[in-house]
Structures are given as C-alpha cells and as structure tokens.
C-alpha cells in the first residue's frame, strides 16, 4: 500500500487510516503517553478546561475520533450525555469495555463527515487527533457545524504542520523516527506510527486551520499553541 498515494487522495485516505487504527487500538493509550513524554495528558486537560464552565447534566456532547474514550469519559464525569464516534470498530470495542454500563455514555462506529445526528442537536463537540486523519477536513468541519446548536462549542486537539521550516524538519524527523521504531517493536509494522509524521506533513498549519474554521461557520474563541506550532488546542463557537 502506497502511503503517499493514500494520504494525497481523499477518496483513498480512509482505506488506510481505519485499518491502521484497528491494529493499534489495544495499545493506543500507552503509545500516546509514551510518544508525547506524558504531555498528551496536559493537552487533553487544556481541552477539557476550555469546557469546564460549559458542560453539565443538560449538555449533549459528541466526541469524534473518540478512540478508547479518554475525552468522552471525562465529559461524562462532568455530567454530560456523551456519544463517542470513531471509524475504527476496534477502538469502539475498547471504549465499550471501559464504559462498563455507564448510562450517560454511548459509543458507535461512524464517519465524522456523515454523522447520524440531527441538525442543531449537540451542545459540545470534542475532537482529539481527529481532523488530521479525516479525508476532507473542511467537509468534517461543515458536518460538525450542522449538528452543533448555534453557539455550540467545538474544541479540538491535534498535530499541525509547523510554519517554521527548520523546526518543521526537526519535528517531523522526531515523529518519523520515534513512530517507526515503536511501530516495529510493538506491531512489526513501522508505518502504523510512522504514519503520524507523514500525516502531519500532509495537514495544514495552525494558521490555515484557523481560516478553515472561520470559513466553515465558526467564531474562533481561543487557540493554544504548543511545541512551536506542532500541536494546538482550538476553541470555536458555532455561529
């Protein structure tokens, strides 16, 4: 399978991404902690802090590319009714095992560019490491805008393509070497984590993502840049 071909063609990208996440699902959480030197927890805490005063028992939340459910569980613990959606059936299986009958949590396999959710029915959408992996980021943002109520909140955490060329080269080199090494050691498939560097290089910068949000129906509230533009938390309102 040609990784460059699949990343360059929106019609093919999901054919690579979904099987890859099926492979890594059992060790996904362990990898994110290791790969980020524990910073993943801080970044997710920043995302959740943005919602602290906006989430409660009356909130309906959607967690996209939910993985094994870190953000979904955190939102449910704050009282929200949460649906977690992921394209990977294995990720959803892992999340359901963690849920163990919690009443305010549902998990389902789904496509964030074609959500089985009514118009203007959701108060909060979270998306951790989600939009970089979708075949068409703007289409996904438009679909999220459809399901959010006016004034509803979208908070995202993701990798971005650093704008500084020297830092971009160093950042992508680390992601590539570390990802390939762990992919080989854990799965005998370097590409399952080496993919991250390639996907970042094919994605947009933080500035370009800001523009995409505004052009697809959002007001940008706050942006927290981390790792010199390699990571960011965005908080946007549906206009």
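The values are calculated or read from the model by the stated rules, or taken from the named source; none is laboratory data. Just so it is clear, the model here is predicted, and its values are computed rather than measured. Positions of Cβ are backbone-derived with ideal geometry, glycine not excepted, and every protein chain shown enters the neighbour counts.
For the range 41-66, which positions are touching a helix residue (DSSP H, G or I) at 6+ places or on another chain (Cβ under 9 Å), buried (at least 16 other Cβ atoms within 10 Å of the Cβ) and either modelled with pLDDT under 95 or farther than 19 Å from residue 132 by Cα (or both)?
Within the range 41-66, 48, 51, 55, 59, 61 qualify.
What single numbered condition from (1) over 18 Å from the mean Cα position of the chain (by Cα); (2) under 21 Å from residue 8 (Cα atoms); (3) surrounded by 14 or more Cβ atoms within 10 Å (Cβ to Cβ) fails to hold for residue 169?
(3)
Residues checked against (1) surrounded by fewer than 16 Cβ atoms within 10 Å (Cβ to Cβ); (2) at pLDDT 95 or above:
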site	(1), (2)
73	no, yes
76	no, yes
84	no, yes
89	yes, yes
103	yes, no
112	no, yes
118	yes, yes
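So, of the residues in the range 108-123 that are touching a helix residue (DSSP H, G or I) at 6+ places or on another chain (Cβ under 7 Å) and in contact (Cβ under 8 Å) with a residue 60 or more places away in the chain, which turns out to be nearest to residue 198 (Cα to Cα)?
122
Output the number of residues of the range 219-233 satisfying the condition of being in a strand (DSSP E or B) and in contact with a helix residue (DSSP H, G or I) (Cβ under 7 Å, 6 or more places away or on another chain).
Applying the first criterion (in a strand (DSSP E or B)) to the range 219-233 yields 219-226, 231-233.
Keeping just the survivors that are in contact with a helix residue (DSSP H, G or I) (Cβ under 7 Å, 6 or more places away or on another chain) gives 220, 223-226, 231-233.
Number of matching residues: 8.
Return the residues of the range 93-107 that are in contact (Cβ under 8 Å) with a residue 24 or more places away in the chain, part of a helix (DSSP H, G or I) and touching a strand residue (DSSP E or B) at 6+ places or on another chain (Cβ under 6 Å); say none if nothing qualifies.
95, 99
Name the helices (runs of 4 or more DSSP H) wholly inside the range 1-61 in which the number of residues that are within 20 Å of residue 144 (Cβ to Cβ) and in contact with a strand residue (DSSP E or B) (Cβ under 6 Å, 6 or more places away or on another chain) is 1 or more.
39-49
Return the total of residues in the range 120-130 being buried (at least 24 other Cβ atoms within 10 Å of the Cβ) and outside any strand (DSSP E or B).
1
Given the options 190, 162, 135, name the one that is in contact with a helix residue (DSSP H, G or I) (Cβ under 6 Å, 6 or more places away or on another chain), surrounded by 15 or more Cβ atoms within 10 Å (Cβ to Cβ), without any contact (Cβ under 8 Å) to a residue 12 or more places away in the chain and within 28 Å of residue 3 (Cβ to Cβ).
190
Determine if the range 145-159 includes at least one residue that is surrounded by 23 or more Cβ atoms within 10 Å (Cβ to Cβ), touching a helix residue (DSSP H, G or I) at 6+ places or on another chain (Cβ under 8 Å) and assigned to a loop (DSSP other than H, G, I, E, B).
no
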